[in-house]
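Asks: Got a structure here, written out as structure tokens. Questions coming.
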Amino acid sequence: MAARGSACVLLRAAVDAGLKRHSRGLRSTAVLSRRAAPLGPMPNEDIKSTQLDSLEKYRSYTRYIRAAEEADQKDVWWKTYRKHTQDQTKQAIAPVDIGLPYHRPSRKMEVKERMKVIQENKKNPELERENRLQTFRVSLDGVKSEWEKTNGPHQIRRLAEHYGIYKDLFPMAYFTPRVMLRIGYGDDSSASVHYGNHLTPSQAEQAPHVHYEAEEDSLWTLLLTSPDEHLLDGEQEYLHWLVGNIPGRAVASGDQICPYLSPFPAKGTGLHRFIFILFKQDALVDFGSDVRPVPCDSLKQRSFQTLDFYRKHQDLITPAGLAFFQCQWDQSVTQTFHNILKMREPVFEYQRPPVYHPPQRKYPHGQPLRYLDRYRDGAQQTYGIY
């Protein structure tokens, strides 16, 4: 009985302590749930829901965008969700734009030209007839030309970010390719370089044909590098081609700083990126310290870093164009290592040796019926009875 009574006393004390602790939690929750007074005017507090029709209309999407941008730039006492979640340290070290400056054309002139084209199309009876009969054909060249002038540079930049080109070549920097590069391998330029497409080292064995729009009195520098090929240092690149002081579009008339070398991705290392970068020069550049010997057959001499090259000449060159492709090992890589680089080919995958068969016997007693298939020429086996 004494033990039962002491147990009841302890249970009652525990229940009382739990109630006190629970009441303390309720009290602290009530204190935290109190709303503090706003530090300034709330957004849209001067707008009444019953008088929405009296508000001034934007009348156009352009005016709405302009008003939204002005409101976003104003200093307010509250934080938006984006400002609340983004890291302040990332703002302090935001990437720097090192590309060509962009002068956006007048929005008013763009709308005016667009309306002019619409009016001309409405007055064209042939166009109306083709639309009605569903025989109208859109010029793909015209669409591509318009894309290159409007959304093309920004989409190419996003592709370059996706493939990690800026991160590996220009850490904490980027550029928007304003000049479109048209690069093709082969006599007929059948193997074109786009933005991450796949080519074979055999297709890229010879120097490509490069075209771009440029004024005759302008100067350019063309670079081809690979950030994935280096065999000893992952931070280094291999320089495949470098031409400087190119007058206008005549790449062949420029100063050859480093001769062209075909891609040589090692066997077993997968796809490698090969990046063309076009720099615009403000004046003639002295590339004497960057010149490689001809022929340049040493991988040590072809070790390169795009960032160091840009830092050395950043006062006179500006990245303006970009194109890149991917390729992996094929048989031509072996010939490049043996005949051009004069070295043993590195292989990073296991090569299984052929199956060993003992010398063939004239009278194979006690052998299976398919004994002769081991020594038969050809890849296909014939399962006969001998």
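The values are calculated or read from the model by the stated rules, or taken from the named source; none is laboratory data. Fair warning: this is a prediction, and the values are worked out from it, not measured in the lab. Ideal geometry is used to build each Cβ from the backbone, glycine not excepted, and the neighbour counts take in all protein chains shown. Surface accessibility is based on the protein's heavy atoms, side chains included, excluding ligands, DNA and RNA. Shrake-Rupley method; radii C 1.70, N 1.55, O 1.52, S 1.80 Å.
Asks: Examine region 359-366 for a residue that is within 30 Å of V243 (Cα to Cα), open to solvent by 40 Å² or more (accessible area, probe 1.4 Å), of a type outside the set (D, E, K, R) and part of a loop (DSSP other than H, G, I, E, B), and state whether such a residue exists.
Replies: no
Asks: Let me ask something else. With (1) touching a Pro at 6+ places or on another chain (Cβ under 8 Å); (2) at pLDDT 95 or above; (3) open to solvent by 20 Å² or more (accessible area, probe 1.4 Å) as the list, and D330 as the residue in question, which single condition is left unmet?
Replies: (2)
Asks: Yes or no: H209 touching a residue at least 12 places away in the same chain (Cβ under 8 Å), out of contact with any strand residue (DSSP E or B) (no Cβ under 6 Å at 6 or more places or on another chain) and open to solvent by 40 Å² or more (accessible area, probe 1.4 Å)?
Replies: no
Asks: Something else: Restricting attention to region 100-118, which residues are part of a loop (DSSP other than H, G, I, E, B) and touching a residue at least 40 places away in the same chain (Cβ under 8 Å)?
Replies: Hits for region 100-118 are L100, Y102.
Asks: Given the structure, is T318 among the polar types (S, T, N, Q), in contact with a Lys or Arg (Cβ under 9 Å, 6 or more places away or on another chain), open to solvent by less than 90 Å² (accessible area, probe 1.4 Å) and in a helix (DSSP H, G or I)?
Replies: no
Asks: Do any residues in region 164-176 that are open to solvent by 60 Å² or more (accessible area, probe 1.4 Å) have Cβ atoms under 6 Å from those of residues that are part of a loop (DSSP other than H, G, I, E, B) and modelled with pLDDT under 95, where the two are at least six apart or on different chains, and which pairs are they?
Replies: Note: pairs meeting the criteria are M172/P95.
Asks: Would you mention how many residues in region 66-100 are open to solvent by less than 100 Å² (accessible area, probe 1.4 Å), modelled with pLDDT of 85 or more and closer than 24 Å to R157 by Cα?
Replies: Summing the residues that are open to solvent by less than 100 Å² (accessible area, probe 1.4 Å), modelled with pLDDT of 85 or more and closer than 24 Å to R157 by Cα in region 66-100 gives 6.
Asks: So how many residues does region 177-199 have that are under 18 Å from Y163 (Cα atoms), open to solvent by 20 Å² or more (accessible area, probe 1.4 Å) and not aromatic (F, W, Y)?
Replies: 3
Asks: Here is a further query. Could you please find all residues in region 102-120 being more than 26 Å from L278 (Cα to Cα), within 38 Å of the chain's Cα centre (by Cα) and open to solvent by 70 Å² or more (accessible area, probe 1.4 Å)?
Replies: Within region 102-120, R107, K108, M109, K112, E113, R114, M115, K116, V117 meet the criteria.
Asks: Return the only residue of R34, R12 being basic (K, R), modelled with pLDDT under 60, open to solvent by 100 Å² or more (accessible area, probe 1.4 Å) and more than 41 Å from the chain's Cα centre (by Cα).
Replies: None of the others qualify; the one that does is R12.
Asks: Pairs needed: first member in region 64-84, closer than 17 Å to P41 by Cα; second member anywhere, open to solvent by less than 100 Å² (accessible area, probe 1.4 Å); C-beta distance under 7 Å; at least 6 residues apart or different chains.
Replies: Within 7 Å, the pairs are W77/G40.
Asks: Any chance you could count how many residues in region 246-286 are assigned to a strand (DSSP E or B), farther than 23 Å from I340 by Cβ and either modelled with pLDDT under 95 or touching a helix residue (DSSP H, G or I) at 6+ places or on another chain (Cβ under 9 Å) (or both)?
Replies: Summing the residues that are assigned to a strand (DSSP E or B), farther than 23 Å from I340 by Cβ and either modelled with pLDDT under 95 or touching a helix residue (DSSP H, G or I) at 6+ places or on another chain (Cβ under 9 Å) (or both) in region 246-286 gives 5.
Asks: In addition: Specify the residue that is surrounded by the fewest Cβ atoms within 10 Å (Cβ to Cβ); the eligible residues are those in region 133-161 that are closer than 18 Å to D97 by Cβ and either in contact with a Ser or Thr (Cβ under 7 Å, 6 or more places away or on another chain) or in contact (Cβ under 8 Å) with a residue 24 or more places away in the chain (or both).
Replies: So, considering only residues that are closer than 18 Å to D97 by Cβ and either in contact with a Ser or Thr (Cβ under 7 Å, 6 or more places away or on another chain) or in contact (Cβ under 8 Å) with a residue 24 or more places away in the chain (or both), the one surrounded by the fewest Cβ atoms within 10 Å (Cβ to Cβ) is H154.
Asks: For residues that are in contact with a strand residue (DSSP E or B) (Cβ under 8 Å, 6 or more places away or on another chain) and open to solvent by 40 Å² or more (accessible area, probe 1.4 Å), scanning just region 287-311, find the one that is farthest from P227 (Cα to Cα).
Replies: Top of the filtered list is V294.
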